[in-house]
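Below is one structure, written out as structure tokens; the observations come after it.
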Amino acid sequence: MAARGRWGEPPVARMYIACIQVPGMWSIVEKSALATSRHRECMCPMGKSNLKDLAYKTIKKNIIECVFLPGSFVRDCDLVEQLGISRTPIREAISRLEQENFVKIIPQRGVMVQGVGYREISDIFQVRGIIEPYILRNYSEQLDIGRMRELKAGFLRAKAEDNEADKYRLDDELHAAIRSLCPNKYLVDLLDNIYEQNHRLRILCGKSKARLEKSVDEHIEILELMAAGSIEEASACLEKHIQNSKTSAINLFIASH
């Protein structure tokens, strides 16, 4: 346990307090503040990898939920204050998010949240249109027919009750069920990233009630074909459904911008 002063602060905190009172020593103050933050991390039972995961998950959630809007800049000093940790795990998290195409590090300017435009929307749905039908065609032997019937019944109930929240939830569950058929972890990781980007699109582009109703009908048709074992037809309908979703997302994006 580190030695503490009269008010219970560690020595590095006393250095921080002292430097504030001396003109022209802001660089020392900044270093001391960082050291204080690192001291707290050392005293905290959460390890370095957990701090990095905390930073990664928090920043990513804020991007996906559009708390951090596309094109905006994220300052690491704000994140240090918000999360109560040093810059090191935050910068490691930022580096990982750049690899996943959520942010872009711009020299001399900072960290920018990746924008969303026609190209990004097209790319997201292109990947989905290739991978999801491929998974269904090649791994349908793992299909849980009972689960497909449950999802179909759920869609029919949500349609009868006009329950928008359930329609979106069941949409996610159906595509997650298709994803879960795949034993290839690289394809799964790619789809997970795409689904997170897709969630951001829903928020940014807005919703169309007419498209939602059409999408429910498409899902029911896909589920009926899957339950009947007509995998090739189901895959073709899935491909068409994703293409229709792409067209709707682009139109909504254009209308909202």
Exercise. From the phi of every residue in the range 189-202, what ³J(HN,Hα) in whole Hz does the Karplus formula 6.51 cos²θ - 1.76 cosθ + 1.60 yield, where θ is phi - 60° and glycine or proline is x?
Worked result: 4, 5, 5, 4, 4, 5, 5, 5, 5, 5, 4, 5, 4, 4
Seminar exercise, completed: Per-residue Cβ contact counts at 10 Å, fewest first, order C205, C77 as C77, C205
Problem set entry | Tensor-based shape of the range 118-256 (alpha-carbon gyration tensor, a/c under 1.5 rounded, otherwise prolate or oblate) | oblate
For this session: Give a residue-ordered list of calculated ³J(HN,Hα) values for the range 64-79 (Karplus: 6.51 cos²θ - 1.76 cosθ + 1.60, θ = phi - 60°; whole Hz; x for Gly, Pro).
Result: 5, 7, 6, 5, 9, 7, x, x, 7, 9, 9, 8, 5, 5, 5, 5
Problem set entry | Sorted by Cβ neighbour density within 10 Å, fewest at the top, the residues T88, T247 | T247, T88
Exercise. Which of the peptides 91-99, 112-120 is most tightly packed, and how do the rest follow, going by the mean number of other Cβ atoms within 10 Å of each residue?
Worked result: 91-99, 112-120
Seminar exercise, completed: For the range 171-178, in residue order, the Karplus 3J(HN,Hα) values (coefficients 6.51, -1.76, 1.60; θ = phi - 60°; whole Hz; Gly and Pro = x) are 4, 4, 5, 5, 5, 5, 5, 5
Exercise. What are the residues whose amide H is under 5 Å from the amide H of D144, where those residues sit 5 or more places off or on another chain and H is modelled from the backbone?
Worked result: none
Exercise. In what sequence do L143, L238, L69 fall when counting other Cβ within 10 Å, fewest first?
Worked result: L69, L143, L238
Seminar exercise, completed: Contact order relative to length for the range 118-256, counting C-alpha pairs under 8 Å separated by 6 or more residues, stands in percent at 43
Seminar exercise, completed: I231 neighbourhood, Cβ < 12 Å, K/R = +1, D/E = -1, net charge -2
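Taken together, the values in this text are just the output of simple stated rules run on the coordinates, not laboratory data. The structure presented is a predicted model; accordingly, all values stated were derived computationally and were not measured. Please note: Cβ atoms are built from the backbone with ideal geometry, for glycine as well, and neighbour counts cover all protein chains shown.
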